[in-house]
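Any read-out appearing in this document is the output of simple, stated calculations on the displayed coordinates, not a laboratory observation. No experiment lies behind these values; they were computed from the predicted model shown. Note that each Cβ is placed from the backbone with ideal geometry, even for glycine, and that neighbours are counted across all protein chains shown.
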Amino acid sequence: MKSSSIQFYQDLKVWQESMNLAEICYQVTKTFPQEETYGMISHIRRAAVSIPANIAEDYGRRTRGEYIQFLYISQGSLKELETHLLLSIRVKLDSPEMINNALNQCESVSKLLFFLIRSLQNQTQER
């Protein structure tokens, strides 16, 4: 599961980029209306944080198959986050430009997750 250059989950590009995504989401939601504190703000931040948290949670502690499952959970959280962000545009909680920055980062993280999952699945099949 780990290459020689990957010693910790923090070394994973997908974890780093998902942390960047969470940071962007915190910045974007700072400008949302205060009445959304327990609504959309909470949902967006929770989903954004769960992506790198799930990537980190089982890194190196379980089987490859279980780790892949946690990556799929991260992928589900990412799709949930995208949905919240798209709805935020539709109900005009912030400018589309600000939210699109987060959506672009979602796309980057999605690609990295896809490639990591595929790589791990290929390694499992090679055994």
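Here are the numbers:
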| read-out | value |
| --- | --- |
| FRET E, pair Leu87, Lys13, Förster distance 22 Å, beta-carbon r, rounded to 0.05 | 0.20 |
| In order through the range 44-52: 3J(HN,Hα) via Karplus (6.51 cos²θ - 1.76 cosθ + 1.60), integer Hz, x for Gly, Pro | 5, 5, 4, 5, 5, 6, 5, 5, x |
| Correct option for log10 I(q)/I(0) by the Debye sum over Cα atoms at q = 0.13, 0.14, 0.18 Å⁻¹ [calculated from the coordinates] among [x] -0.53, -0.60, -0.88; [y] -0.45, -0.53, -0.90; [z] -0.49, -0.57, -0.99 | [x] |
| Charge tally in the Cβ shell below 10 Å around Gln105, where Lys, Arg are +1 and Asp, Glu are -1, Gln105 excluded | -3 |
| Residue-by-residue Karplus 3J(HN,Hα) for the range 94-108, coefficients 6.51, -1.76, 1.60, Hz, glycine and proline x | 7, 5, x, 4, 5, 5, 4, 4, 5, 5, 5, 5, 4, 4, 4 |
| Difference of contour (0.36 nm per residue) and Cα-Cα distance, Lys111 to Glu23 | 29.8 nm |
| Sites Thr31 and Asn122, calculated FRET efficiency, Cβ-Cβ separation with R0 41 Å, nearest 0.05 | 0.45 |
| Mean residue ellipticity (222 nm) of the chain, computed from DSSP H runs ≥ 4 via -39,500 (n - 2.57), nearest 500 | -25500 deg cm²/dmol |
